[in-house]
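The values are calculated or read from the model by the stated rules, or taken from the named source; none is laboratory data. Remember, it's a predicted structure, so these values are computed and weren't measured experimentally. For neighbour counting, all protein chains shown are included, and Cβ atoms are generated from backbone atoms with ideal geometry for every residue, glycine included.
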Amino acid sequence: MFSKPKKINLRLLISLIILLAIFIGTSLILWESENKVSDNPIIVEAAKDLNSYEIYIDFDPDSKSLECRQRVEYKNRSKDDLESLYFHLYPNAFKYEDKPVFPAELMGRAYPAGNFTSAYLEIDNLKVNDDPGDYMILGFSEDLLMIDLDEILAPGDTAIVDMTYRVQLAECYGRFGYDDISYRLGNCYPIACVYGDSGWSLHRYYDIGDPFYSDMANYKVVVKAPKEYTIASTGDVVKRKKKGKQALTEIRAQAVRDFAWLASDSFKLSSKKLGDTTVNSYFYTGQGKEALDFAVAALKAYNDAFGQYPYNQLSVVQTNFFIGGMEYPNLVMIDCDMYSSSRLDSLEYIIAHELAHQWWYGLVGNDQVMEPWIDEGLTEYSTILYYGLVSTSYTEDQVIDMVQYNKYKAAQARSPYLYPEIDETIDRPVYEFEDWETYDLLVYGKAALMFHGIRETIGDDLFFDVLKEYYKEYRFLNVNKDDIVGVFNRVTGRDFGPYFDQWLYD
Ligand SMILES: [Zn+2]
C-alpha cells in the first residue's frame, strides 16, 4: 500500500527552522567552554563504587554567602550495618570566638579586621531517600551532622541524602574565609565522616595541623557566581556558560578525597601542559609565572620519583592564606606574601611542599588527626628530595641543614632551657602536641630526618623503589603506620619496625 504524502505545512516548517537556529545560536553563545571528564583508565577505575556528591552553589559576594543544594549518594562500604550517617560541618568550626580554629597568638593575623566574625553553615532541609530526614547537629562547635536512618543501611547498600543549606563566610585569612581579593572555600560543604574498623571518625577541627580525614569520592559541582569571577578548584571545568550577569561553572572531579575552590574577580591565569596534566597558576600580583615554573618542575620531579600524577589539572593559587600553604586535591593555596621577588626561595620551597602532598594526602590518604606524621613527614622529606631532583638554587644537603636538621637540632640543644618538658614523640594525634612549634619540629622536621636515615641506609635506588611501591599500592586508599612500615619492610626485605619505633616514640 502506498499513501499519498501529506502536504507539508510550510509555516510550521519555517517556525521549526527558526527555533532550531535560535537553539543552536543560543548554545554557541552561552556555552563558552566544554571539556571532557577525565578518561584516564586509572581514574575511571578508581572512581567506580565511590560516594558521589552533587552540589549546586549560588555564590553571592555581596552577602558573602553560599546557598547550596547537595545530593550525596552514600554507599556503605563497611562490613557493618549502619544505623546512622555522620558528616563534618567544618564551617561551624568558625562559628564561636571561644572555640577558634587558630591558636590564640595567631588570632590577630587570622582576623585582620581586628575582631572575630562568625562563619557558619545552616541546614534548611534534609531528606533521606526522598523522605524527611531525622537529624541532629552535634559536636564541639556544632560541626557534626548526625542523620538517624529509618532503615538500617546494610553493607553494599546506598542511601541518598539531599540537603539544602546556607554557608555564611567571615573575613578571615584561613582556609575558609574571604578578603579583599579572594574567597577561599576549603572544607565548606558537609562531607561524610570516615567509617573505619573502630567506627565513625568524628574529629573536630583542631587548631594545629591539617585536622582532616576523608574517603575518595566523585564530585559534580556547579557554581553560580557573578560572571567577572574566576573559579579555581579541584577537578576539571567541563562547562561554563554566562547567563545575564551571572556565570555557571560546572566542575567534575573523580576519585578525589575532598573538593575545594576559590573565587576572585582579580585572578590572572598562567598555564602550562606537562604530559596530560595542565598546570595552572592563578595569581593577582607578583611572581605568578615563577610559581608556575616551580609547580611544573615539582610535578615533573615527583612524577618520575613517585609515579604519575593521574589527574588532568593541578592549580597553584595565590591567596591571603597567612599560614603559608595548604593542600587540597588538584589545588594548593599559597600565601600571597611569598610572591614577591625577594621571597622566591620561600615560594619554591612551599610549592614543592604542597605539591608533594598531592601524592602523600591527596592520593595516598591517612588520618591527619591521629597520625599526621604519615603524610606530613613524608611530604617534608619529599620537599628535601625535590632539591636533589631539580637543579635549582640550593642543593639537597643545604636544604636539610638549613631547614630541618638545624631546626630540630637547635630545638634539641636548647630544650633543657626552653623546652624542659619536651616530649619528642612524633606519633601522636594533633591534639596532643603542645603547640605549633613542637608540632613543626617533630612532625615535619624529625619525621623528615627519620625518612632520610632510611635512605642513607638502603641507598637511593631502593628508597625510590619503596616510594613508588607505596604510591602504587595505596593510591586512592587510606593508610596507617603498619601500612607504610610494611612497604619499607617488603620492598627492602629488612625489618624497619624497630627503626620507626625508635624515631617515632623516643
Ligand atoms: Zn604539609
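What about SER266, is it among the small types (Gly, Ala, Ser), more than 16 Å from the ligand (Cβ to nearest atom) and in a loop (DSSP other than H, G, I, E, B)?
Judged against the criteria, SER266 is a match.
Might you let me know whether region 216-234 holds any residue that is more than 16 Å from the ligand (Cβ to nearest atom), farther than 20 Å from HIS357 by Cα, of a type in the set (S, T, N, Q) and not assigned by TED's automatic domain parsing to the domain that holds PHE463?
yes
Which of the residues that make up region 191-200 are buried (at least 18 other Cβ atoms within 10 Å of the Cβ) and either in a strand (DSSP E or B) or touching an Asp or Glu at 6+ places or on another chain (Cβ under 8 Å) (or both)?
Passing the criteria: ILE191, ALA192, VAL194, TYR195.
Which pairs do you get when a residue that is under 17 Å from HIS88 (Cβ atoms) and β-branched (Val, Ile, Thr), found in region 360-374, comes within reach of a residue that is more than 14 Å from the ligand (Cβ to nearest atom) and part of a loop (DSSP other than H, G, I, E, B), reach meaning Cβ atoms under 8 angstrom, with the pair 6+ apart or on two chains?
If the second residue must be more than 14 Å from the ligand (Cβ to nearest atom) and part of a loop (DSSP other than H, G, I, E, B), the pairs left are VAL369/SER201; VAL369/HIS203; VAL369/TYR206; VAL369/TYR213; VAL369/PRO429.
Can you pull out every residue in region 340-349 that is away from the ligand (no atom under 12 Å from the Cβ) and either in contact (Cβ under 8 Å) with a residue 60 or more places away in the chain or surrounded by 22 or more Cβ atoms within 10 Å (Cβ to Cβ) (or both)?
LEU347, GLU348
Which members of region 180-213 meet the condition of being farther than 15 Å from HIS88 by Cβ, within 17 Å of the chain's Cα centre (by Cα) and away from the ligand (no atom under 16 Å from the Cβ)?
TYR183, ARG184
Which one of these is at pLDDT 95 or above and out of contact with any strand residue (DSSP E or B) (no Cβ under 9 Å at 6 or more places or on another chain): ALA291, ALA263, ALA301, ALA253?
Result of the check over ALA291, ALA263, ALA301, ALA253: ALA301.
State yes or no: is PRO155 within 16 Å of the ligand (Cβ to nearest atom) and assigned by TED's automatic domain parsing to the domain that holds TRP360?
Criteria not met by PRO155.
So, in region 284-336, of the ones that are outside any helix (DSSP H, G or I) and charged (D, E, K, R), which residue ends up nearest to CYS172 (Cα to Cα)?
Looking at the filtered set, the residue picked out is ASP335.
Can you confirm whether region 426-437 contains a residue that is part of a helix (DSSP H, G or I) and buried (at least 17 other Cβ atoms within 10 Å of the Cβ)?
Yes - at least one qualifying residue is present in region 426-437.
Take ASP150 and decide whether it is on the phi < 0 side of the Ramachandran plot, modelled with pLDDT under 95, outside the structural domain of ASP435 (by TED's automatic domain parsing) and of a type outside the set (Phe, Trp, Tyr).
Criteria not met by ASP150.
Please name all residue pairs, on different chains or six or more residues apart, with Cβ atoms under 9 Å, provided the first residue is in region 118-140 and is on the phi > 0 side of the Ramachandran plot and small (Gly, Ala, Ser) and the second residue is surrounded by 14 or more Cβ atoms within 10 Å (Cβ to Cβ) and at pLDDT 95 or above.
These pairs meet every condition: GLY139/HIS88; GLY139/LEU89; GLY139/ASN92; GLY139/ALA93; GLY139/LEU145; GLY139/MET146; GLY139/LEU202; GLY139/ARG204.
Sort out which residues of region 123-149 are part of a strand (DSSP E or B), out of contact with any Pro (no Cβ under 9 Å at 6 or more places or on another chain) and surrounded by 14 or more Cβ atoms within 10 Å (Cβ to Cβ), and write them in order of number.
Matches in region 123-149: LYS127, VAL128, TYR135, ILE137, LEU144, MET146, ILE147, LEU149.
Can you tell me which residue in region 323-339 is modelled with the highest pLDDT, limited to those that are within 16 Å of the ligand (Cβ to nearest atom) and surrounded by fewer than 17 Cβ atoms within 10 Å (Cβ to Cβ)?
GLY324
List the residue pairs whose Cβ atoms are under 7 Å apart, where the first residue sits in region 81-94 and is free of Cβ contacts under 8 Å to residues at least 60 places away in the same chain, the second is crowded, with 24+ Cβ neighbours inside 10 Å and part of a strand (DSSP E or B), and the two are 6 or more positions apart or on different chains.
ASN92/LEU121
If you take the residues in region 350-373 that are of a type in the set (A, V, I, L, M, F, W, C) and near the ligand (Cβ under 10 Å from one of its atoms), which one is farthest from SER214 (Cα to Cα)?
Looking at residues that are of a type in the set (A, V, I, L, M, F, W, C) and near the ligand (Cβ under 10 Å from one of its atoms), I get ILE350.
Inside region 202-229, can you point out the residues that are outside any loop (DSSP other than H, G, I, E, B) and either at pLDDT below 95 or not basic (Lys, Arg) (or both)?
ALA217, ASN218, TYR219, VAL221, VAL222, VAL223, ALA225, PRO226
So which residues in region 346-392 are assigned to a loop (DSSP other than H, G, I, E, B) and either in contact with a Pro (Cβ under 8 Å, 6 or more places away or on another chain) or farther than 16 Å from ALA295 by Cβ (or both), if there are any at all?
Residues satisfying the conditions are GLN358, TYR361, GLY362, LEU363, ASP367, GLN368, VAL369, MET370, GLU371, SER391.
Which one of the conditions (1) within 16 Å of the ligand (Cβ to nearest atom); (2) in contact with a Leu (Cβ under 8 Å, 6 or more places away or on another chain) does VAL399 fail to meet, given that it meets all the rest?
Every listed condition holds for VAL399 apart from (2).
Quick one: PHE116 ticks every box in (1) surrounded by 15 or more Cβ atoms within 10 Å (Cβ to Cβ); (2) at pLDDT 95 or above bar one, so which box is it?
Condition (2) is where PHE116 drops out.
Can you pull out every residue in region 252-282 that is β-branched (Val, Ile, Thr) and buried (at least 22 other Cβ atoms within 10 Å of the Cβ)?
VAL256, VAL279
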